Amino acid sequence: MSPPVNRIPSDERLPEAVDVVVIGGGVIGISSAYHLARRGLSVALVEKGHVAGEQSSRNWGWCRQQGRARAEIPLAREALRLWEELQEEAGADTGFRRTGVLFLTKDPKEAADWERWAGIAREQQVHSTLLTPAQVAEALPANTETWVAGLHTPSDGRAEPSMAVPALALAARKRGVTIHQGCAARGLETTGGAVSAVVTEKGTIRTQAVLLAGGAWSSLFCRRHGIDLPIGLVDATACRTTPAPEFTEGALGTTAYCIRRRLDGGLTLALRGRGTVNLTPDILRYAKAFWPTFKQRRAGLKLRLGADFFKQLFGSANWRLDQPSPFEAVRVQDPAPDMELVNAALAALIESNPALKDIRIAEAWGGTIDSTPDTVPVISAVPHLRGFFLATGFSGHGFGIGPAAGKLAADIVRGDTPLVDPAAYSYERLVDGRPLAPVGLF
């Protein structure tokens, strides 16, 4: 079951030509389109389903700097500023509030890792504090467990996924972006080694620049054009509870449960580092690249061999552009929630916080996360196809960082001075054979 999303109307008339076509109506695509249009470019955004239909409405709603990879910290800082700015411009509530993020641990080694990370963060003007057991107890008086340490970042925030991306889409439309839902991009037309058009199910749009922000679908789209993009897919689960007593205002994470206070009075609840990897030919193709990350996180992962393996094994990546594509066969990726994870998280939450004993699960859902081997996204040009750019592989971090990632993508598409050094997000790092290691705390 998918969580409800604020729906926005589509622009029915497909433009004949624009400066940039953005493929994908999640937080990254919408934010990129907004920043491109703000700089005076004509932009059309095409989405096979509806805006925020997939992971952008299914995530936890955390907007955090805390625990980010070193390269992501500047983007996360800018994203928090932009969440406030875009909410005002949209004239609609995204649910964004600066209420802080607190992680708790019982592992002294993890606490030491957090202390080292806090030192790195301070160098980039992010002030996170390592809390003592007494300080944790003072911050969470309703919590009955004893913790070795807590990592607290008061400047971090939260937003409502079901509201946020549709609100950002309204801001993009005010800047002139046309948004075309139920309009799958089948592929690209090229001329002389450069992009010249996007072919959609509703017609062709001439353009010299295309930004692919297709999330879980990006690798398949790239393969149609002979572009190697190592992306692994992980099905994750989250849920919302019935209204809960106020015991923490912001987001709270432990190894047994992670929660965010919702505007409706309930909690968004999930488990950190848990999910199901669907075994596919793509996973086997990129197994060497993903092995370090898998070793680090395998305790929280289930492996599943299902129909997707055989669909991909016997399916073709050479569909004709004048015929329906795989993107029209599945409009919205909607994996089933893992209720074992839901029930375990709820039980752990109540055991740790007895004041919550009366809350219940109101709704649960699954979502598919697109992950790179080093868990850092790709925000980059593709060198061997001029005019083609990627903003994908956000590895479960995309929602909170989305507004700034879109700004960096716009910088790269336009050739402007980038918001941050884009080297860490380059496409080349994933395909040039250099060793990749997972980064970031969470």
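The values are calculated or read from the model by the stated rules, or taken from the named source; none is laboratory data. Worth saying up front: this structure is predicted, and the values here are computed from it rather than measured. Backbone-built Cβ (ideal geometry, glycine too); neighbour counts: all protein chains shown. The accessibility values were calculated without ligands, DNA or RNA, using every heavy atom of the protein model including side chains. Shrake-Rupley method; radii C 1.70, N 1.55, O 1.52, S 1.80 Å.
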Inset, instruction - Please work out which one of (1) over 28 Å from the mean Cα position of the chain (by Cα); (2) under 14 Å from Pro154 (Cα atoms); (3) surrounded by fewer than 16 Cβ atoms within 10 Å (Cβ to Cβ) is the condition Glu138 fails and give its number. - result: (2)
Inset, instruction - Scan the stretch 141-188 for residues that are open to solvent by 20 Å² or more (accessible area, probe 1.4 Å), assigned to a loop (DSSP other than H, G, I, E, B) and over 30 Å from Phe442 (Cα atoms) and jot them down. - result: Arg175, Gly176, Gly182
Inset, instruction - Report, ordered by the first and then the second residue, all pairs with beta carbons closer than 8 Å, sequence separation of six or more or different chains, a first member in the stretch 32-43 that is β-branched (Val, Ile, Thr), and a second member that is surrounded by fewer than 19 Cβ atoms within 10 Å (Cβ to Cβ) and modelled with pLDDT of 95 or more. - result: Val43/Asp19; Val43/Gly176
Legend entry - Residue list for the stretch 66-98, restricted to those being crowded, with 19+ Cβ neighbours inside 10 Å, in a helix (DSSP H, G or I) and among the basic types (Lys, Arg): Arg77
Legend entry - Tabulated pairs, the stretch 398-427, first polar (S, T, N, Q), second assigned to a helix (DSSP H, G or I), C-beta under 8 angstrom, 6+ apart or interchain: Thr417/Asp411
Inset, instruction - Kindly list, by first and then second residue, each pair from a residue in the stretch 341-352 that is without any contact (Cβ under 8 Å) to a residue 12 or more places away in the chain to a residue that is in a helix (DSSP H, G or I), limited to pairs with Cβ atoms under 9 Å and residues at least 6 apart or on different chains. - result: Ile350/Leu356
Inset, instruction - From (1) within 21 Å of the chain's Cα centre (by Cα); (2) within 18 Å of Ser395 (Cα to Cα); (3) not hydrophobic (A, V, I, L, M, F, W, C), pick out the condition that doesn't hold for Lys288. - result: (1)
Inset, instruction - Identify the residue in the stretch 28-61 that is within 11 Å of the chain's Cα centre (by Cα) and charged (D, E, K, R) and, among all such residues, is farthest from Glu160 (Cα to Cα). - result: Glu54
Inset, instruction - Give the stretch 320-346 a look and list any residue that's open to solvent by 40 Å² or more (accessible area, probe 1.4 Å) and among the β-branched types (Val, Ile, Thr), or say none. - result: Val330, Val332
Legend entry - Single residue of the stretch 349-370 satisfying the filter (out of contact with any helix residue (DSSP H, G or I) (no Cβ under 7 Å at 6 or more places or on another chain) and open to solvent by less than 20 Å² (accessible area, probe 1.4 Å)) that is nearest to Val330 (Cα to Cα): Gly366
Legend entry - Thr241 vs. criteria surrounded by 19 or more Cβ atoms within 10 Å (Cβ to Cβ), modelled with pLDDT under 95 and more than 29 Å from Asp282 (Cα to Cα): no
Legend entry - From the options Arg298, Arg272, residue that is of a type in the set (D, E, K, R), open to solvent by 30 Å² or more (accessible area, probe 1.4 Å) and either in a strand (DSSP E or B) or in contact (Cβ under 8 Å) with a residue 60 or more places away in the chain (or both): Arg272
Inset, instruction - Enumerate the pairs (first residue in the stretch 58-80 and at positive phi; second residue anywhere and part of a helix (DSSP H, G or I) and open to solvent by less than 10 Å² (accessible area, probe 1.4 Å)) with beta-carbon separation below 7 Å, excluding pairs fewer than 6 apart on the same chain, so at least 6 apart or on different chains. - result: Gly61/Pro161
Legend entry - Residue within the stretch 210-218 that is hydrophobic (A, V, I, L, M, F, W, C), part of a loop (DSSP other than H, G, I, E, B), open to solvent by less than 30 Å² (accessible area, probe 1.4 Å) and at pLDDT 95 or above present: yes
Inset, instruction - Among what's in the stretch 409-442 and is in contact with a strand residue (DSSP E or B) (Cβ under 7 Å, 6 or more places away or on another chain) and farther than 29 Å from Gly366 by Cβ, pick the residue that is surrounded by the fewest Cβ atoms within 10 Å (Cβ to Cβ). - result: Pro422
Legend entry - Any hit, the stretch 28-50, residues being under 30 Å from Ala111 (Cβ atoms), touching a Gly at 6+ places or on another chain (Cβ under 6 Å) and aliphatic (A, V, I, L, M): no
Inset, instruction - Among the strands (runs of 3 or more DSSP E) lying completely within the stretch 333-442, list those that include at least 3 residues that are within 27 Å of Phe103 (Cβ to Cβ), within 15 Å of the chain's Cα centre (by Cα) and not small (Gly, Ala, Ser). - result: 361-371
Inset, instruction - Output the residues belonging to the stretch 219-246 that are in a loop (DSSP other than H, G, I, E, B), more than 29 Å from Ala362 (Cα to Cα) and not hydrophobic (A, V, I, L, M, F, W, C). - result: His225, Gly226, Asp228, Pro230
